[in-house]
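Beneath this line is the structure, given in structure tokens, with notes to follow.
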Amino acid sequence: MVNRQVLTLDEFTIREMRAFPKATGELAGLLRDIGLASKRVNVEVNKAGLVDILGDTGDVNVQGEMVKKLDDFANSQFTGVLRHGISCAGIASEELDDMVIFDNEISRNSKYICMFDPLDGSSNIDVNVSIGTIFSVYRRVTEPGGPVTINDFLQPGMRQVAAGYIIYGSSTILVYATKRGVNGFTLDQSIGEYCLSHPGIKCPQSGKIYSVNHGNFFQYSAPVKKYIDICQKKNKSNGGPYTQRYIGSMVSDVHRNLIKGGIFMYPGTTDKPKGKLRLLYECNPLAYMVEVAGGKATDGTQRILEKQPSELHERTPLFIGSLNMMAELEECLGVKI
Ligand code: AHG
Ligand code: MN
Ligand code: MN
């Protein structure tokens, strides 16, 4: 029996839509499309470990496609579903050099564009560690009816209408935020539906987890090293020493910190002053979600969400998490953001 007390993702988004008498249902449709694409990706991610066995059957094609290109597969699923849906006028993806304009009658008239990192943490696939998809939705700045332009994509993160992620983990969860709040839906594989499991997620103000790549320690700036030092010291007032957790899939690291409280950092290094993470596909959506949940996200000098992007694949340092930990960090950095 399906438990009818549980709200599915579709029911929830339609309910939310009813709070806005002028809503057209496009956003609900877009979220449904993203949910659909993620279910297909989920199936393939779950089969990743079987690839060698399937390969033995002689089906080279399947093997080739599944193994080496799971992020390509995810990319084409999200792009394909959104292209054929009725709610998205174009996309940009970490896996593609350029934006894709959906130049058909229905898409051209849609008011939203979507950007995504189709598989975040993809180097973790072959070792069964949680990976995910991160997405970001904006209202286009050009008029619906014509094709989207680059200006529709290069908007500061604070203009996001919705942002979210799916984690293909020990269970599969879709979490998304609008300005009304952050909600999580766990995939019930038996009925193929995302069901509301984490309503009204709030990021704890304080936490005890810090997440950073310690391998880069000697390449961080002195203030960042100082903060890491504080994280490791015994400290009665903040409950230190903190616990270090770093999965290497930021979507999973940030998800854990969002639920439990914590800070995730990918600072600039001497080799890569802007760090590694992409502003549009990774940092903006997670910053939006964490801010809606009551946390904070900066690049060490300004709010992530206020950064004006100048190119699609722009990178930025990222500090994101619980308010009190972010304040401690800012003290070390000598800034107040
Ligand atoms: P992607 O798989 O989309 O390229 O992203 C991986 C990112 C991020 O998820 C993770 O936190 C970070 O790379 C890890 O990088 P390091 O190995 O340099 O710490
Ligand atoms: Mn990524
Ligand atoms: Mn990726």
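The values are calculated or read from the model by the stated rules, or taken from the named source; none is laboratory data. Note that the structure is a prediction, hence the values are computed from the model and not measured. Here Cβ is always computed from backbone atoms with ideal geometry, including for glycine, and neighbour counts include all displayed protein chains. Just the protein is used for accessible areas: all its heavy atoms, side chains included, with ligands, DNA and RNA removed. Shrake-Rupley method; radii C 1.70, N 1.55, O 1.52, S 1.80 Å.
Some points to look at:
- Set side by side, the residues Gly294, Gly275, Gly248 differ, and just one is of a type outside the set (Phe, Trp, Tyr), in a loop (DSSP other than H, G, I, E, B) and away from ligand 2 (no atom under 14 Å from the Cβ), which is Gly294.
- Selection over the range 238-278 of residues that are within 18 Å of Gly215 (Cα to Cα) and of a type in the set (Lys, Arg) gives a count of 4.
- Taken together, the residues in the range 78-110 that are within 16 Å of ligand 3 (Cβ to nearest atom) and of a type in the set (D, E, K, R) amount to 3.
- Which numbered condition Leu280 fails, given (1) within 16 Å of ligand 2 (Cβ to nearest atom); (2) assigned to a helix (DSSP H, G or I); (3) more than 30 Å from Leu154 (Cβ to Cβ): (3)
- With respect to the stated conditions, Tyr281 fails to be open to solvent by less than 60 Å² (accessible area, probe 1.4 Å) and more than 13 Å from ligand 1 (Cβ to nearest atom).
- Out of Asp253, Asp299, sole residue that is touching a residue at least 12 places away in the same chain (Cβ under 8 Å), more than 16 Å from ligand 2 (Cβ to nearest atom) and of a type in the set (D, E, K, R): Asp299
- Filtered by the rule that a residue be in contact with a Cys (Cβ under 8 Å, 6 or more places away or on another chain) and open to solvent by 10 Å² or more (accessible area, probe 1.4 Å), the range 164-186 gives a lone residue, Thr186.
- Within the range 235-255, tally of residues that are within 16 Å of ligand 3 (Cβ to nearest atom), β-branched (Val, Ile, Thr) and open to solvent by 30 Å² or more (accessible area, probe 1.4 Å): 1
- For Ala287, the conditions (1) among the aliphatic types (A, V, I, L, M); (2) outside any loop (DSSP other than H, G, I, E, B); (3) open to solvent by 10 Å² or more (accessible area, probe 1.4 Å) are fulfilled apart from (3).
- Qualifying residue in the range 136-151 (condition: part of a strand (DSSP E or B), crowded, with 16+ Cβ neighbours inside 10 Å and within 14 Å of ligand 2 (Cβ to nearest atom)): yes
- Test result for Ile86, farther than 28 Å from Gly248 by Cβ and part of a strand (DSSP E or B): no
- Qualifying positions in the range 109-135 - free of Cβ contacts under 8 Å to residues at least 60 places away in the same chain and either more than 12 Å from ligand 2 (Cβ to nearest atom) or crowded, with 24+ Cβ neighbours inside 10 Å (or both): Asn109, Ile113, Val127
- When the range 297-316 is filtered for residues that are under 21 Å from Tyr242 (Cβ atoms) and either of a type in the set (Ser, Thr, Tyr) or surrounded by 24 or more Cβ atoms within 10 Å (Cβ to Cβ) (or both), the ones remaining, listed by number, are Ala297, Thr298.
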